[in-house]
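Below is one structure, written out as structure tokens; comments come after it.
The values are calculated or read from the model by the stated rules, or taken from the named source; none is laboratory data. Just so it is clear, the structure is predicted and the values come from calculations on it, not from any experiment. So basically every Cβ, Gly included, is an ideal-geometry build from the backbone, and we count neighbours across all protein chains shown. To get the accessible areas, we keep the full protein, side chains included, count just its heavy atoms, and leave off ligands, DNA and RNA. Shrake-Rupley method; radii C 1.70, N 1.55, O 1.52, S 1.80 Å.
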Amino acid sequence: MKNITILGATGTIGINTLNVLKQHRHEFEVIALTAHRQVERLEALCLEWSPRYAVMADSNAAEQLQQRLTKKTKKNPPVQVLSGTEGLTFVASLPEVDIVMAAIVGSAGLLPTLAAAQAGKRVLLANKEALVMSGQLFMDAVRQHGAELLPIDSEHNAVFQCLPPAFKISHPPPLKTGDSSSNPLKGEEKIQNPNSKIQNMAAGGLDEIGVSRILLTASGGPFRTHSIEQLHDVTPSQACAHPNWKMGRKISVDSATMMNKGLEVIEAHWLFATQPKNIEVVLHPQSIIHSMVEYIDGSVLAQLGNPDMRTPIAHALAWPKRISSGVRRLNLVDIARLDFEAVDFARFPCLQLAYDAMSAGGTTTTILNAANEIAVQAFLQERLRFTAIPKVIETTLSRLSGRMADFLETILEDDARARKLALSVISEQ
Ligand code: NAD
Ligand code: MG
């Protein structure tokens, strides 16, 4: 029996996780469930799953949940209701918990996901923003505390499945002389040689096992064939109507701008300790190949399946074992063909912004992520045009330089600065 905490239980990934767990009730016990402000939804999940803890993001919502559960169960609820970041980090690091599903969307997921890594848990990472914000710090925590990091993002889960079974994401790369992580610069100092860390990491990464390239596939989102003129007038509901995947609204907009793929390139860089030039994106509209790994002998290994997040979730829950997920079998004859296209960086500038931020290193990706979150929120609230999203991010990046990202305080400071700046850039639009 494995004990699990689900951070972001009411979201798309959270619900898919509970769906897989329902099929394996004797192997997993749900210890804690968390949500932002969806009191009724978390109440329903608490009644169904009887976790020991439930966490709401704010104290008002927590109080409401407590009252509703007391009414329903006609006594003190057996579920302990907590709130805020403190509550989230508490349930992410409980000694009795083996597995933490990190499925909060955005920067709100950073502290609890980091807490799970620091507590040495098996961390099922859906919250890619945590890694984009604090890649070095997060991977250091995974290594130092012996956490087991398994990717839920379908592309990274696919890459992981195409790597040799002995490959472990927490495998420590050997330190080289001059590696800044053995001689940390102060947070205030600007990056001297932005690529030094990346180059050092590659020494212990995929090069050693004969991998020459990671090929991340991208569906291209709902606007793959739109012209720039057509992109100008798209609405939030059009952006959230992804052709292949059902996802939360923020990641749906990210898929439409292709910033999602940009965040995933950065995610791949940290998870697989490989240089940006070895990570390529190829458009594959059917989303059947979830990603590929190319080896130096010319072999290219791919992982295929129907686009359904229950596959990577089941894979990571049971790894290295396999369990059923409820996903429909792949029928290649029905699919008939698999297409591939090059990415158009002119229509989707967010992807280039992400590559550039990754090469700059340090908190530049923290700034990218924060500006993107603010711009996407403004677009979803119809305060910003779709085509202005990359402009807001680019302007924010041009006005705020990245710093060494060795300290959490520096990362959180630059995240806050970038949010403030992005808001003022939006007001200028
Ligand atoms: P979602 O919007 O459906 O769900 C987000 C969850 O996080 C909800 O439970 C919500 O209550 C919680 N949450 C939101 N803001 C919060 C806050 N401030 N504090 C605490 N909790 C908060 O999102 P999703 O589609 O499930 O995505 C979750 C994460 O997984 C994202 O980082 C996304 O990029 C990643 N991901 C999702 C998919 C997918 O298919 N949905 C695929 C790959 C990666
Ligand atoms: Mg993905």
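Taking all protein chains in place and a 1.4 Å probe, what share, in percent, of the accessible surface of the chain do carbon and sulfur account for?
Carbon with sulfur: 51 percent of the solvent-accessible area.
With every atom except the alpha carbons ignored, what do you get for Rg and Dmax of the stretch 83-173, in angstroms?
When restricted to Cα atoms, the stretch 83-173 yields Rg and Dmax of 12.5, 41 Å.
Send over the per residue convex hull volume for the chain, Cα only, as a whole number of Å³.
So the per-residue hull volume is 142 Å³.
Gap in Å between the Cα centre of the stretch 343-407 and the Cα centre of the stretch 248-267?
Rounded to whole Å, the Cα centres lie 11 Å apart.
With a cut-off of at most 12 other beta carbons within 10 Å, and DSSP calling the residue loop, which GluC sites (Glu not before Pro) in the stretch 349-429 qualify? Please list them.
The qualifying sites are GLU382.
Counting other Cβ atoms within 10 Å of each Cβ, which GluC sites (Glu not before Pro) in the stretch 65-170 have at most 13 and sit in a DSSP loop?
Within the stretch 65-170, the qualifying GluC sites (Glu not before Pro) (loop, at most 13 other Cβ atoms within 10 Å) are GLU96.
Please name whichever of VAL211, VAL293, PRO307 sits farthest to the positive end of the charge dipole of the chain, dipole taken about the Cα centre and charges placed at Cβ: Lys and Arg +1, Asp and Glu -1.
PRO307
Beyond 16 Å, what percent of the Cα pairs of the stretch 62-104 remain?
Value for the stretch 62-104: 48 percent of Cα pairs lie more than 16 Å apart.
Report the Rg/Rh value for the stretch 302-429, based on alpha-carbon coordinates and the Kirkwood definition of Rh.
Rounded to two decimals, Rg over Rh is 1.12.
Output the antiparallel fraction of DSSP beta bridges having both residues in the chain, as a percent to the nearest 5.
Among the beta bridges of the chain, antiparallel pairing accounts for roughly 25 percent.
Which residue, TRP319, TRP49, TRP245, has the most motion in a Gaussian network model of the chain that connects Cα atoms within less than 10 Å?
Residue with maximal mean-square fluctuation among TRP319, TRP49, TRP245: TRP319.
For the chain, with only Lys/Arg (+1) and Asp/Glu (-1) charged at the beta-carbon, what is the dipole magnitude about the Cα centre, in debye rounded to 20?
Approximately 1140 debye in magnitude.
Heavy atoms only, probe 1.4 angstrom, no DNA, RNA or ligands counted: give me HIS24, HIS36 ranked by accessible area, highest first.
Listed by decreasing accessible area, they come as HIS36, HIS24.
Would you kindly calculate the translational diffusion coefficient of the stretch 219-302, applying Stokes-Einstein with the Kirkwood radius from alpha carbon pairs, for 10 °C and a viscosity of 1.306 mPa s, and quote it in µm² s⁻¹ without decimals?
Diffusion coefficient, whole number: 111 µm²/s.
Based only on Cα atoms, what Rg/Rh ratio does the stretch 337-394 have, Rh being taken as Kirkwood's radius?
Value, to two decimals: 1.06.
From largest accessible area down, sort LYS261, LYS168; use a 1.4 Å probe on the protein chains.
Correct descending sequence by accessible area is LYS168, LYS261.
Taking only Cα atoms and a 10 Å spring cutoff, compute GNM fluctuations for the chain and point out the largest among ALA158, ALA336, ALA302.
ALA336
Using alpha carbon centroids, what distance separates the stretch 110-166 and the stretch 205-220, in Å?
Between the Cα centre of the stretch 110-166 and that of the stretch 205-220, the gap is 17 Å.
Between ALA346 and GLN144, what length comes free when the chain is fully extended (0.36 nm per residue of separation minus the Cα-Cα distance, one decimal in nm)?
68.6 nm
Please give the per residue volume of the convex hull enclosing the alpha carbon atoms of the stretch 2-151, rounded to a whole number of Å³.
Measuring per residue, one finds 95 Å³ for the Cα hull of the stretch 2-151.
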